[in-house]
Amino acid sequence: MAQVGVIMGSISDWETMTHACDMLDELQISYEKEIISAHRTPQDMATYAASARERGLRAIIAGAGGAAHLPGMVAAQTTLPVIGVPMQSKALDGLDSLLSIVQMPGGVPTATVAIGRSGAKNAGLLAAQMIGAFDGTVASRLQEHRETMKESVTEMREELDK
Ligand code: RP5
């Protein structure tokens, strides 16, 4: 059973959202992925959000671009934590996506990560951290990931000293 739902408004978002899935793969967190559009398939969005908890999901990662309603509208229809990933849109370089997601009115929190690839990666990590708060095995994997990052800096320092 999937623990995390990864949804996106368009196939054009996949090249970004794949980084969230890569992170979940690395941390051995089960996930499902789907294209659900807030404006093109609003009924699918409602059904997905309303059924997410009973289907066993623990968190949802939602990527969208432009007037990016998907994360907030999903968050409005579930009490699971929702993490919004702003796509780096062509017209406004993702500032439109970011502001659309981050400026949720009080009452329906939608966690918002950075624009684009880094945000997608962090969304995967953040979902894992939400699960890791109650799962020691996942918490250990997250700690290992931090150690690996630390070691990469040691390698950078050695490279600098060459
Ligand atoms: C949003 O519109 C999607 O999330 C995507 O980022 C953006 C553009 O969609 P396409 O025109 O590429 O399908 O719904």
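Since every read-out is calculated from the coordinates, none of them should be taken as a lab result. Worth saying up front: this structure is predicted, and the values here are computed from it rather than measured. FYI the Cβ positions are ideal-geometry reconstructions off the backbone, even for glycines, and counts take in every protein chain you see.
Values as computed for the structure displayed
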quantity	calculated
Full-stretch length increase - F134, R117 - with 0.36 nm per residue and alpha-carbon distance subtracted	3.4 nm
Highest to lowest packing among 152-160, 66-74, 37-45, scored as the average C-beta count within 10 Å	66-74, 37-45, 152-160
Cut-off 18 Å (backbone N to label point 7 Å along Cα→Cβ of S51), residues of the stretch 1-36	1-8, 31-36
Residues K150, K162, sorted so that the one with the fewest Cβ neighbours within 10 Å comes first	K162, K150
Cα centroid separation - the stretch 52-113 against the stretch 131-162, whole Å	28 Å
The stretch 1-65: C-alpha gyration tensor shape, a/c 1.5 cut-off, then a/b vs b/c	oblate
Distant-in-sequence amide H partners of G84 (H built 1.01 Å from N, under 5 Å)	A62, A111, T112, V113
Assigned charges on the beta-carbon of Lys, Arg, Asp, Glu; the chain dipole about Cα centre (debye)	460 debye
Charged-residue dipole, Cβ positions (Lys, Arg, Asp, Glu), the stretch 1-88 about Cα centre, Debye nearest 20	320 debye
Globularity ratio of the chain, using Cα Rg and 2.2 N^0.38 Å	1.07
Relative contact order of the chain, pairs being alpha-carbon contacts under 8 Å that are 6 or more residues apart, as %	22 percent
